[in-house]
Amino acid sequence: MGWTQHTVGTQNIRAMTIIQLLLGNIGMAGGGINALRGESNVQGSTDHGLLFHILPGYMPVPSASITDLQTYIEKHTPKTKDPKSVNWWSNRNKYIISYLKAIYGSKAVKENDFGYSWLPKLDEGQNGSWLVLFDHMLKGKFEGFFAWGQNPACSGANANKTRKALAKLKWMVNVNLFDNETGSFWRGPGMNPKEIQTEVFMLPCASSVEKEGSITNSGRLAQWRYKAIEPIGESKPDSEIMNELYFRVKKLYQKQGGKFPDPIINLTWNYGEKDAGGKIKEVDTHKIAKEINGYYLEDLVDKKVTPPKTIGKKGHLCTNFVTLQADGTTSCGCWIFSGSYTEKDDKIVNMMARRGKKDIGDLGLYPEWAWCWPINRRIIYNRASVDLNGKPWDPKRTVIKWNPNKLDPKTKQTAPGWEGDVPDGPAPPMADEKAGKYPFIMKTDGRGAIFGPGLVDGPFPEHYEALECPIQENPLSSKHRISPTVKLFYGVKGPHDAPAEKGGLLPEDVFFSCDIRYPYVATTYRVSEHWQTGVMTRHQPWLLESMPQQFVEMSEELAKEKGIKSGDKIKVKSGRGEIMAVAVVTKRFKPFKVVGSTVHQVGLPWCFGWQYPEDGSGGDSSNLLTPTIGDSNTLIPETKAFMVNIEKVKEEIYGKK
Amino acid sequence: MAKNEKKPIGALIDLTKCIGCRGCQIACKSWNNRAVKKTVMTGNFTNPIDLNSETYTMIKYVEKEQDALMEWDFIKVQCMHCKNPACVSACPVGAFQKSPEGPVMYEPEKCIGCRYCMMACPFQIPKYEWEKVSPVVQKCTFCAERISEGLIPACVKTCPPKAIIFGTYEEILAEAEKRIKENPKKYVNHIYGKEEAGGTSWLYLSSVPFETLGFKMNIPKRPLPDLTWASLSKIPVTVGSLALILSAIAYIRNRGENNKEEK
């Protein structure tokens with residue numbers, strides 16, 4: 001995950017992907033890239049459309065210039081003439097139409113483009129990612145903000161800018177387990193509550209053990225979790241909070257009309273029994289999971305085979321996404337999850353709740369434990385793990401293999417097929433001239449690609465320095481110190497460019513590269529005792545006891561140079577803010593030799609905040625120091641490399657607000 | 001395993017497997033319902049800095065350098081549950097008892113606060129509740145109440161890399177010996193606790209000499225009680241009174257601080 005938190009984050013990942021591809025490790029057991037996410041359900045939230053530019057199931061959010069469904073489908077459906085390429089995205093029409101049927105139900109019909117015009121659209125080139133959102137917020141372009149399960153006043157890069165931006169809001173809804181630095185920003189350090197007009201609403205929500213639902217890890221394994229205890233006090237599960245909000249917003253639209261009521265009025269919301277007013281009394285998570293899996297909306301028969309075969313009966317749950325249709329006869333909230341909550345022998349089965357412990361081989365795939373998208377395939381691109389004849393490259397760790405003598409368990413007749421993991425499609429191996437398929441089924445040409453279209457930088461990874469760095473020139477390319485494709489929030493040359501009166505250069509976005517006032521490289525990281533910004537863990541006395549305060553880790557060499565000892569109180573300062581920290585001098589940090597000079601680095605955890613512990617003894621977020629700059633493609637903030645200064649301070653620094 | 005109640009129990013800590021997550025420290029606090037004492041960063045990741053009356057087990061972090069690369073050693077500390085505990089023999093009122101299954105048990109109702117146990121313990125494990133009005137001694141219980149229910153100790157149960165294993169003493173000693181035999185290059189040829197203080201229920205394996213990790217190496221191999229009682233019996237009874245006075249001072253001082261906070 002840390003690899004992504006650089007201006008060259010995407011290229012860091014690409015470099016590793018190229019190496020894995022060249023080593024032939026894709027699709028192999030133990031191969032590929034294992035993304036260690038920063039949160040247990042990042043995969044699940046991304047799968048289901050959390051990001052501004054992705055609809056559930058990795059379908060692009062339409063741009064405003066595409067005004068009808070057919071154009072959207074054409075633009076986003078890749079084409080190939082190669083019969084050996086599966087080109088799976090050629091199914092785009094089935095997935096987007098089934099998605100529209102899931103969210104707009106009977107209101108989505110062929111005549112109205114299945115409600116395509118109700119989908120939210122992005123302006124051409126519009127970016128709605130984190131840094132841009134808070135930039136716009138500070139410029140007064142927002143009235144309201146739902147801080148849902150997050151703590152941007154501590155978690156986001158350049159937290160001072162974020163905190164100032166919150167003060168520009170008319171209202172903010174803070175949905176969290178506890179009040180945090182975001183909900184209480186108006187009474188935080190440097191804030192004058194009298195001058196802040198933002199109205200803050202705190203909606204206490206249930207923790208993960210107080211509600212039921214699925215969680216998906218970066219291995220795409222969706223595991224069902226059960227409610228252990230009832231939510232405490234007035235807190236509610238997120239789904240109940242959304243249910244309350246939805247019902248009220250819908251009612252307002254019904255009463256008052258409004259600019260664009262259709263997307264809200266026409267939304268399906270069949271998640272349980274309704275009360276007299278039409279509101280769902282209690283949200284049934286299983287109903288949501290079923291909607292995501294999808295339903296057959298008609299009796300479906302495959303007429304291409306003789307005799308015609310039933311695909312599914314009206315009202316039943318879809319078997320998997322292979323059976324989804326492009327004519328509005330199926331619904332599916334997220335096509336990659338189709339098959340996760342399905343029917344077997346007329347019994348409804350929540351596949352994610354399975355707990356079978358049988359393994360195949362000894363690879364630890366455990367195919368009967370929970371459910372993995374797509375279609376319970378544990379290793380994607382697994383057809384790349386076999387040779388042209390379907391024999392595993394590594395027979396000791398067989399993921400799949402082709403068995404020409406495989407017996408059909410029903411007919412007891414020979415029916416050649418794959419054994420092992422669920423293969424990327426049932427087609428025979430590539431040696432089969434007629435029916436063989438390439439392994440990279442999501443790629444238009446069916447092949448793995450070292451580079452390709454779609455990114456703003458590349459085609460090959462190149463070395464660029466961080467926005468803030470200790471050297472004047474990029475030693476590997478004198479033309480560009482930083483990546484020429486990054487979105488800069490401030491002038492290229494740094495503080496010497498005076499901020500323009502108009503045009504949006506904010507002093508908050510200042511940076512100082514190769515500046516003697518900020519001579520040390522800083523990086524941020526986590527500690528095992530705290531979770532994210534610590535909202536859930538700082539309130540836990542045992543965890544706070546074992547990791548109580550903001551610290552700054554540094555090498556013995558730097559400590560000696562600065563006359564610092566372990567345990568000393570240190571002021572850490574960047575161009576954007578300063579924090580207090582306790583010095584932790586370790587052998588883990590070592591000075592670097594960079595282009596002939598010694599460069600020191602310091603490390604800071606980002607799990608603390610001023611609001612709790614209440615005596616302020618924890619210190620404040622290290623994101624007060626980090627700059628407003630992100631990766632060229634993703635705009636993930638560059639919180640892994642920036643410049644600071646450190647200074648030993650004498651006075652007692654803790655316990656003061 | 002634990003159903004085998006008549007056989008003495010034991011636990012093995014394989015320090016090479018510990019990842020320093022402090023899961024044991026937190027699980028112990030959770031099961032035993034321990035409070036916290038205000039801590040600060042002292043420049044090391046060990047926190048609290050030592051066992052105390054609210055902390056029965058904890059991880060100590062030892063930093064070292066090998067071939068110019070920094071490495072951590074993580075050391076879990078808790079009561080060793082000696083086979084012949086010095087604390088049991090030092091206790092004049094029988095507040096400490098060695099149970100046949102292995103845990104060294106403590107009954108606070110019997111305790112008179114003399115703290116002979118603290119002086120007798122070769123591993124400096126029992127801790128006194130200095131800040132309380134009627135203080136008692138506190139230490140790891142080996143989760144005796146869990147074990148009597150057929151459960152394993154809380155710290156063992158929570159350990160993600162299975163650095164701690166639990167079983168009958170025979171089983172875990174055999175396992176420790178097996179690991180050294182199978183990986184003589186990985187481990188130093190020393191099972192800490194096998195002979196120290198006449199043998200303890202908790203055993204340790206390490207890849208580096210125990211003295212480099214802060215383990216006490218000068219502990220006699222024979223059971224301590226006969227040695228300790230001989231010297232402890234000469235300590236005058238006034239020590240007990242001193243304890244009372246110290247407690248009173250601690251109480252008054254803390255009360256003062258509490259008052260300050262309220263203001």
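The magnitude of the dipole of the protein assembly as shown, with charges of +1 and -1 set on the Cβ of Lys/Arg and Asp/Glu and taken from the Cα centre, is near 860 debye. Rounded to the nearest 10 degrees, the inclination of helix A:238-256 to the longest alpha-carbon principal axis of chain A is 80 degrees. Applying a threshold of 26 Å to the alpha-carbon distances of A:K357/A:K396; A:K168/A:K569; A:K168/A:K648; A:K194/A:K569 flags A:K168/A:K569; A:K168/A:K648; A:K194/A:K569 as lying beyond it.
Fewest neighbouring Cβ atoms within 10 Å first, the residues A:D568, A:D179 line up as A:D179, A:D568.
Near A:G258, once Lys and Arg are set to +1 and Asp and Glu to -1 for all other residues with Cβ below 14 Å from its Cβ, the sum equals +4.
Per-residue Cβ neighbour counts within 10 Å put A:H53, B:H190 in the sequence A:H53, B:H190, beginning with the fewest. May I ask for the angle, rounded to the nearest 10°, between helix A:92-104 and the longest principal axis of chain A, with both axes built from Cα atoms and the value confined to 0 to 90°? Tilt relative to chain A: about 80 degrees. For the protein assembly as shown, the share of DSSP beta bridges that are antiparallel, to the nearest 5, is 70%. Would you compute the Debye intensity of the stretch A:540-657 from its alpha-carbon atoms alone, equal scatterers and no solvent, and pass along log10 I(q)/I(0) at q = 0.18 Å⁻¹ to two decimals? The Debye formula, applied to the Cα set alone, gives -1.00. Each Lys and Arg contributes +1 and each Asp and Glu -1, all at the Cβ; summed about the Cα centre of the stretch A:31-180, the dipole is approximately 100 debye.
Anisotropy class assigned to the stretch A:358-413 is oblate, per the alpha carbon gyration tensor with a/c at or over the 1.5 cut-off and a/b no larger than b/c. In terms of distances greater than 19 angstrom between alpha carbons, the cross-link table entries A:K101/A:K314; A:K590/B:K185; B:K17/B:K162 yield A:K590/B:K185.
Sorting A:D346, A:D123 by the number of Cβ atoms found within 10 Å of their own Cβ, with the fewest placed first, yields A:D346, A:D123. A DSSP coil position with no more than 12 other Cβ atoms inside 10 Å describes the following trypsin sites (Lys or Arg not before Pro) in the stretch A:551-604: A:K565.
Rounded, prolate or oblate, given the Cα gyration tensor of the protein assembly as shown, with a/c below 1.5 counting as rounded? Prolate.
Checking every one of the trypsin sites (Lys or Arg not before Pro) in the stretch B:146-192 against DSSP loop status and a limit of 13 other Cβ atoms within 10 Å picks out B:K162, B:K185, B:K186.
Axis of helix A:9-22 versus longest Cα principal axis of chain A: the two differ by about 50°, to the nearest ten degrees. A cut-off under 14 angstrom between Cβ atoms defines the neighbours of A:A15, and their net charge, with Lys, Arg +1 and Asp, Glu -1, is -2.
When the helix-only estimate is applied to the protein assembly as shown (DSSP H runs of n ≥ 4, each -39,500 (n - 2.57), divided by the residue count), what is the mean residue ellipticity at 222 nm, nearest 500 deg cm²/dmol?
About -5500 deg cm²/dmol.
Taken over the alpha carbons of the stretch A:606-651 as equal point scatterers, the Debye sum produces base-10 log I(q)/I(0) values at 0.24, 0.30, 0.32 Å⁻¹ of -0.94, -1.06, -1.09.
Any read-out appearing in this document is the output of simple, stated calculations on the displayed coordinates, not a laboratory observation. Since this is a predicted model, take the numbers as computed values, not measurements. Don't worry about glycine lacking a Cβ; one is built from the backbone with ideal geometry, like all the others, and counts go over all protein chains shown.
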